[in-house]
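The values are calculated or read from the model by the stated rules, or taken from the named source; none is laboratory data. Source: prediction; values computed, not measured. Positions of Cβ are backbone-derived with ideal geometry, glycine not excepted, and every protein chain shown enters the neighbour counts.
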Amino acid sequence: MQPLVSVVVLNWNGKDHIEECLGTLFKQSYKNYEVIVVDNGSEDGSNLTIKNKFPKAKLIENSKNLGFCKANNQGIKLTKGKYVITLNNDTKLDKDWLKELVKVAEENPETGMFSCKMLFYDKPSHINSRGLKLYYDAKAVDEGFDTPDSENEEIKEVFGPCGGAAFFSKELIDDISLDGEFYDEDFFIYSDDLDVSFRARWRGWKCLYVPKSKLYHKFQGTTGKISNFGLYYGIKNKMFFIIKNYPLTTMVRYSPVIVSRQLVSFIYYLLKLNPAAFKSRMMILYKLPKMLRKRYKIQSTKKVPNKELKKWLLSQSLLKSIFSS
């Protein structure tokens, strides 16, 4: 019997995306799934499109934008499936996208996280993401970003799935949730997938990349280019992530690099009179006690030694680490 899969789709002003996303979702060759759409206070009528054209989808309508993390948590709490997927609205799915993910998940019940092949919507011959790669200074990149696609890829382990299309077992979600939250709602948006992946790995879960599961992503289709909004959450959440998750020895060893990078960034944006540089650091200080409490919970329940996490932290040159974005 096919296991039930719950797909949580996040929508915010997605009139240019949501119809194609849900249209391809409801045409999947795999049939045992439920769809929960969380609308984050859309003002472009896309919520009405969902109601009128996709009545099989369960729609949650928020009165305002609650952010990626809280909105996805809303949807996850309503799921009934053995597996849960969080999916962005700016995606088009191959008809076998879901079937291939479930197949590999059923063959690897101890794994818990799975990443599909994410191709660029406007350049489908090239990879957008195979999953996440992480450097020791907490800079994260999409594995395979903008490299040519290949039909000869094998299933392999990656650090974690990109949050735009992430497949989890419900067992993993229940195992790593903190205070009833799977995605950390203090993050709001950005670096949330890194945080989830690191927390899962502390508990011994792994992530597999499934190349036969394909979708097409309108890169930055919903969030657009980085703004003051993105800068604020990017700076703040990167430090939240480090404080919560990094092995203490890693934080101490690389603290000169991390501090130098923060200082360079702060001075650069301060000279540009960008308030996000100041506000983000103030929020880091304000939330520090809360992040330390979360760190204690994570560290006190971890199942693997530090070396298991350290092996995923990639190195790069000192100057590149300090001055790269």
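Data for the structure
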| item | result |
| --- | --- |
| Listing of strands (runs of 3 or more DSSP E) fully contained in the range 97-198 that carry 3 or more residues being in contact with a helix residue (DSSP H, G or I) (Cβ under 9 Å, 6 or more places away or on another chain) | 112-120, 132-135, 165-169 |
| Residue selected from the range 269-292 under the condition in contact with a helix residue (DSSP H, G or I) (Cβ under 8 Å, 6 or more places away or on another chain) and of a type in the set (Phe, Trp, Tyr), by the criterion farthest from residue 227 (Cα to Cα) | 278 |
| Residues of the range 23-56 satisfying the condition of being among the small types (Gly, Ala, Ser), surrounded by 14 or more Cβ atoms within 10 Å (Cβ to Cβ) and out of contact with any helix residue (DSSP H, G or I) (no Cβ under 6 Å at 6 or more places or on another chain) | 41, 42 |
| Matching strands (runs of 3 or more DSSP E) fully within the range 1-87 where at least 1 residues are over 19 Å from the mean Cα position of the chain (by Cα), among the charged types (D, E, K, R) and within 30 Å of residue 178 (Cβ to Cβ) | 33-40, 58-62 |
| First in the range 1-20 and free of Cβ contacts under 8 Å to residues at least 24 places away in the same chain and under 19 Å from residue 43 (Cα atoms), second anywhere and buried (at least 21 other Cβ atoms within 10 Å of the Cβ) and of a type in the set (Asp, Glu), Cβ under 9 Å, 6 or more apart | none |
| Residue 135 in the same structural domain as residue 20 (by TED's automatic domain parsing), under 25 Å from residue 250 (Cα atoms) and of a type in the set (Phe, Trp, Tyr) | yes |
| Restricting the range 1-19 to residues that are in contact with a Ser or Thr (Cβ under 6 Å, 6 or more places away or on another chain) and under 24 Å from residue 82 (Cβ atoms), the residue that is surrounded by the fewest Cβ atoms within 10 Å (Cβ to Cβ) | 6 |
| Index of the failed condition, residue 179 passing every other in (1) on the phi > 0 side of the Ramachandran plot; (2) of a type in the set (Asp, Glu); (3) in contact with a strand residue (DSSP E or B) (Cβ under 6 Å, 6 or more places away or on another chain) | (3) |
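Matching residues to (1) outside the structural domain of residue 98 (by TED's automatic domain parsing); (2) over 18 Å from the mean Cα position of the chain (by Cα):
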position: 206; (1), (2): no, no
position: 212; (1), (2): no, yes
position: 239; (1), (2): yes, no
position: 253; (1), (2): yes, yes
position: 259; (1), (2): yes, yes
position: 264; (1), (2): yes, yes
